[in-house]
Amino acid sequence: MSLSDLYPLARPFLQAMDPERAQSLVFSALRSGLAGGDPGPDDPVLRTRLCGLDLPNPVGLAAGFDKDAEVPDAMLRLGFGFVECGTVTPLPQPGNPRPRLFRVPSAEAVINRFGFNSLGLDAFAARMQARHGRPGIVGANVGKNKEQQDAAADYAAGIRRLAPLAAYLVVNVSSPNTPGLRALQGREPLAALLGRCLEVRRAAGAEPPLFLKVAPDLTEEDKADIAAVALESGIDGLVVSNTTVSRPPEIPASLAQEAGGLSGRPLFTPSTRVLAEFRSLTGGRLPLIGVGGIASGADAYAKIRAGASAVQLYTALSYQGPALVRRIKADLAALLKRDGFASVAEAVGR
Ligand SMILES: Cc1cc2nc3c(=O)[nH]c(=O)nc-3n(C[C@H](O)[C@H](O)[C@H](O)COP(=O)(O)O)c2cc1C
C-alpha cells in the first residue's frame, strides 16, 4: 500500500485536521517509506535539460514542503523530476507562532506565514551529505535568519556549505514572511547580494547552477531591474514566483485578513503573467522555472509556453494528493504531442 493508494481514504480526515498537524502526519508517512516504489520511467518527450541538469521530466516539487531535506528521495519516488528542499537558514529558528498555515478550500489555495522555520544548515547539510551520490536532482533553497542584519552573510553561508551537495541552489529573497527580505530584490542590494553569492560559489569549488527566486508582487521597475541585474550578474536562472501578498476577490474575507503569502489556484494567472514578462525582459537568455498555482497538465503546459524551462508546484499537491504528479506528467506529454512538439525545450516560450 503506497501513499498514492492511501491518500483518497485519508484525505477527508487530513482536511478536517489542523493543516500543520495534517502536514506532519503526511511527513511521518513519507519518512517511514510510504511514498511507494518507482513510478516507472517517464515518457521520453518529457525529458529535458535545465542549466546542464538532466531532468527525467520538468515537473518539480517547490520549496517549502521539505524545508529540512528530510524526504527528497521519497518525493522523487512520487514521480517529481526534481525536488527543491528548503528554505534553510544558517541557524535553527522556530518561525512564526501557530497558527501559521490556513487552507482556503473554496479557492484551492493556502495562506502561510511560516517565517522560515528551519532546523538550520548543519542538519540540512548532514542530510544532503547522507544522500549525496544517489540519483535524482535535489536542489537547495537558502535564506536568512530573522535576526541577522547582514543578509548577504547568511546567503553566503548557505551557498558555501551546500554548493558541493546540491544539484542547484536558489537564493530566496521573495518570502513575504521575513521582515525586510523582499527589499533585497531592489537593484543595488540585489546586485551586491548576487555578486557575493557567485563569489562564494566560485570559492566553494563546486559550481551548481544558481537561481534567484522572485515574488509575484513587483512593480514594472522592479521587474526590469531584476532582469537586468540577473543578466549582468551571471546567475543561471530565475524561479518565478513565490507566494503573493495580494488577496484576490475569491478569497473569503475572514481568511483574506490573515497575514502571509497566498499560493494555489488564484496565484496561477498573476504568476504566469510575471513569468512571461521575465521571459520577455531577459530575451529568453535566462532559464526560468515557472511556479504558482499549477494544478493540472494544462497549467504546467501553459507555464512552459509562457517561458518556463521547468515547473514546480506545492499547494495543489495538498488538495489533490500524490497521484497528481503522474496525472500532470501524462497530460503534459499528451499536450506536447498534440501540438507537434518533440520535446519540452521546443515548447518553451512558444
Ligand atoms: C506552506 C508553504 C511554505 C512555503 N515555504 C517556502 C519556502 O520556505 N521557501 C520558498 O522559496 N518558497 C516557499 N513556498 C512557496 C512555494 O515554493 C511556491 O513558490 C508557491 O507556493 C507557489 O506555488 P504553488 O501555488 O504551487 O504552491 C511555500 C509555500 C507554501 C504553501
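Would you check if G79 is within 15 Å of the ligand (Cβ to nearest atom) and at pLDDT 95 or above? No.
Applying a threshold of 7 Å to beta carbon distances and a minimum spacing of six or more residues, or different chains, the list of pairs starting in the stretch 302-317 at a residue that is within 21 Å of T87 (Cα to Cα) and ending at one that is within 13 Å of the ligand (Cβ to nearest atom) and in a helix (DSSP H, G or I) reads V311/A300; V311/K303; A316/L324; L317/L324. Close Cβ contacts (under 9 Å, 6 or more residues apart or on different chains) running from residues in the stretch 25-43 that are loosely packed, with under 15 Cβ neighbours inside 10 Å to residues that are among the small types (G, A, S) and modelled with pLDDT under 90 comprise L25/A10; G37/S2. Residue check: A228 meets all listed conditions (1) farther than 27 Å from G260 by Cβ; (2) touching a Lys or Arg at 6+ places or on another chain (Cβ under 7 Å); (3) surrounded by fewer than 20 Cβ atoms within 10 Å (Cβ to Cβ) but one, namely (2).
Only one entry of L255, L286, L210, L281 meets the criterion of being within 17 Å of the chain's Cα centre (by Cα), modelled with pLDDT of 95 or more and more than 10 Å from the ligand (Cβ to nearest atom), and that entry is L210. Among all residue pairs at least 6 apart or on different chains, which show Cβ distances below 7 Å where the first residue, located in the stretch 142-163, is of a type in the set (F, W, Y) and the second is within 13 Å of the ligand (Cβ to nearest atom)? Taking only residues 6 or more apart or on different chains, the pairs are Y155/V142; Y155/K144; Y155/V171.
Kindly establish whether V311 is within 15 Å of the ligand (Cβ to nearest atom), surrounded by 24 or more Cβ atoms within 10 Å (Cβ to Cβ) and at pLDDT 95 or above. For V311, the condition - within 15 Å of the ligand (Cβ to nearest atom), surrounded by 24 or more Cβ atoms within 10 Å (Cβ to Cβ) and at pLDDT 95 or above - is met.
The sole residue among L198, L101, L119, L162 that is closer than 26 Å to G234 by Cα and under 20 Å from the mean Cα position of the chain (by Cα) is L162.
Only strands (runs of 3 or more DSSP E) whose full extent lies in the stretch 48-105 are considered here, and the ones with at least 1 residues that are touching a Phe, Trp or Tyr at 6+ places or on another chain (Cβ under 6 Å) are 53-55, 59-61, 82-88. P176 fulfils the conditions (1) more than 16 Å from the ligand (Cβ to nearest atom); (2) in contact (Cβ under 8 Å) with a residue 24 or more places away in the chain; (3) not aromatic (F, W, Y) except for a single criterion, (1).
The values are calculated or read from the model by the stated rules, or taken from the named source; none is laboratory data. Everything numeric here is computed off the predicted structure, so don't read it as measured data. In this analysis, Cβ positions are derived from the backbone assuming ideal geometry, glycine residues included, and neighbour counts consider all displayed protein chains.
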